[in-house]
1. Just checking, how many residues over segment 65-104 are in a loop (DSSP other than H, G, I, E, B) and either open to solvent by 70 Å² or more (accessible area, probe 1.4 Å) or in contact with a helix residue (DSSP H, G or I) (Cβ under 8 Å, 6 or more places away or on another chain) (or both)?
2. Tell me which of these Pro141 doesn't satisfy, since it passes every other one: (1) modelled with pLDDT of 95 or more; (2) open to solvent by less than 20 Å² (accessible area, probe 1.4 Å); (3) closer than 22 Å to Pro256 by Cα.
3. Tell me, which residue of segment 238-258 that is outside any strand (DSSP E or B) and touching a Ser or Thr at 6+ places or on another chain (Cβ under 8 Å) is least open to solvent (accessible area, probe 1.4 Å)?
4. Look through segment 195-210, keep the residues that are closer than 14 Å to Gln177 by Cβ and part of a strand (DSSP E or B), and return whichever of them is most open to solvent (accessible area, probe 1.4 Å).
5. Give me the residue from segment 224-237 that is modelled with pLDDT of 95 or more and either open to solvent by 10 Å² or more (accessible area, probe 1.4 Å) or within 20 Å of Ala65 (Cα to Cα) (or both) and, out of that set, farthest from the chain's Cα centre (by Cα).
6. Only one of these conditions is not met by Ala190: (1) more than 19 Å from Tyr143 (Cα to Cα); (2) open to solvent by 10 Å² or more (accessible area, probe 1.4 Å); (3) touching a residue at least 24 places away in the same chain (Cβ under 8 Å). Which number is it?
7. Go through segment 120-147 and count every residue that is part of a strand (DSSP E or B) and farther than 15 Å from Arg232 by Cα.
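The values are calculated or read from the model by the stated rules, or taken from the named source; none is laboratory data. Computed from a prediction, not measured in an experiment: that's the story for all the values here. In this analysis, Cβ positions are derived from the backbone assuming ideal geometry, glycine residues included, and neighbour counts consider all displayed protein chains. The area values use the complete protein model at the heavy-atom level, side chains included, leaving out ligands, DNA and RNA. Shrake-Rupley method; radii C 1.70, N 1.55, O 1.52, S 1.80 Å.
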Amino acid sequence: MFCSQRKLGLPVVLAVSMVLVGCAPSFPSPTPAPTSTFASTPTASPTASPSAPGTDSATPPPDDATATPQPGDRVLSARISYGWAWPGPGQPATIGHDIAVPIAPPPSPPLPSLTSIGAGAHPLASPPYDQLSFRFEGGFPGYELEYVPVLTGDASGLTIPMDGTDSILRVVFRLAQAHTEDGISSVLEAPREAVGLAAITRYAPAGDFEGTVTYGIGVGHPVPSTVNTAVRVYEVERIEQGRHLYVVAVQVDASPWR
């Protein structure tokens, strides 16, 4: 079912309700992007959230995009929105952003739109980590991270298999979309779902429904006892090849999995 077009003159509450009309397009396969491997050593700085092993950095993390850098590409801002910690079951990490809906007039998307996903390993960082970058246009959505026992589809409620993983980190983006107004996936580039890194083994889409975009990240490999793997999140606002991007980089501590 396609989303109906929005009108700017309506109040925000009505606009939100119009945006969040049930819209659950299919997930066509985006163009595969190679998984990158970077060597980075962040500069130490205090954390803004409960700490786990390692140090945080005020320097933006390496970008996992595969596009060739162009003149004019630059980082506008970067911040750690969630320091190294474990968002265990019942202890979600919630990061909010104020969004005035619609964020742009038609034909632009009314919500932050997911356009690509990048993945990479960063073995020389402290601690070493794997990264999955969600790249939006239009603004930063709010989001929530939590380890969950199973990954279920937002609309169907059916279990989504995450074979070969030790645990599942669920990432839920609020007031976001991953489709165009024609109901087609807006994700144009992404790595294969079986990423195969040390800490991030795979990922899977779990919903693009009523203004909520959900992904599951498979962490580690099956072991006799579950490891409480720490997570950190960077937000980076950047100009890339003339596009204004808002990147949510989810980093998973790879120390236990090496």
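1. Filtering segment 65-104 for residues in a loop (DSSP other than H, G, I, E, B) gives 65-73, 86-92, 96-104.
Right, trim to either open to solvent by 70 Å² or more (accessible area, probe 1.4 Å) or in contact with a helix residue (DSSP H, G or I) (Cβ under 8 Å, 6 or more places away or on another chain) (or both) and you get 68-71, 86, 89, 91, 98, 100-102.
Adding up the residues that qualify gives 11.
2. (3)
3. Filtering segment 238-258 for residues outside any strand (DSSP E or B) gives 241-242, 254-258.
Right, trim to touching a Ser or Thr at 6+ places or on another chain (Cβ under 8 Å) and you get 256-257.
Details: Pro256: 61, Trp257: 32 Å².
Per the stated criteria, the residue is Trp257.
4. So the first thing to find is which residues in segment 195-210 are closer than 14 Å to Gln177 by Cβ, and the list is 205, 207-210.
Add one more test, that the residue is part of a strand (DSSP E or B), and what stays is 205, 207-209.
Details: Pro205: 29, Gly207: 6, Asp208: 7, Phe209: 60 Å².
Among those that are closer than 14 Å to Gln177 by Cβ and part of a strand (DSSP E or B), it is Phe209.
5. Step one: filter segment 224-237 for residues modelled with pLDDT of 95 or more, giving 229-237.
Restricting the remaining residues to those that are either open to solvent by 10 Å² or more (accessible area, probe 1.4 Å) or within 20 Å of Ala65 (Cα to Cα) (or both) gives 232-237.
On the way: Arg232: 12, Val233: 9, Tyr234: 10, Glu235: 10, Val236: 12, Glu237: 14 Å.
For segment 224-237, the residue satisfying everything is Glu237.
6. Looking at each condition in turn, Ala190 falls short on (2).
7. Keep residues of segment 120-147 that are part of a strand (DSSP E or B), which gives 120-122, 129-137, 142-147.
Imposing the further condition that a residue be farther than 15 Å from Arg232 by Cα reduces the set to 135-137, 142.
Of the residues in segment 120-147, 4 are part of a strand (DSSP E or B) and farther than 15 Å from Arg232 by Cα.
Here is a yes/no grid of residues against (1) within 20 Å of the chain's Cα centre (by Cα); (2) at pLDDT 95 or above; (3) surrounded by 15 or more Cβ atoms within 10 Å (Cβ to Cβ):
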| residue | (1), (2), (3) |
| --- | --- |
| Pro53 | no, no, no |
| Thr59 | yes, no, no |
| Pro62 | yes, no, yes |
| Gln131 | yes, yes, yes |
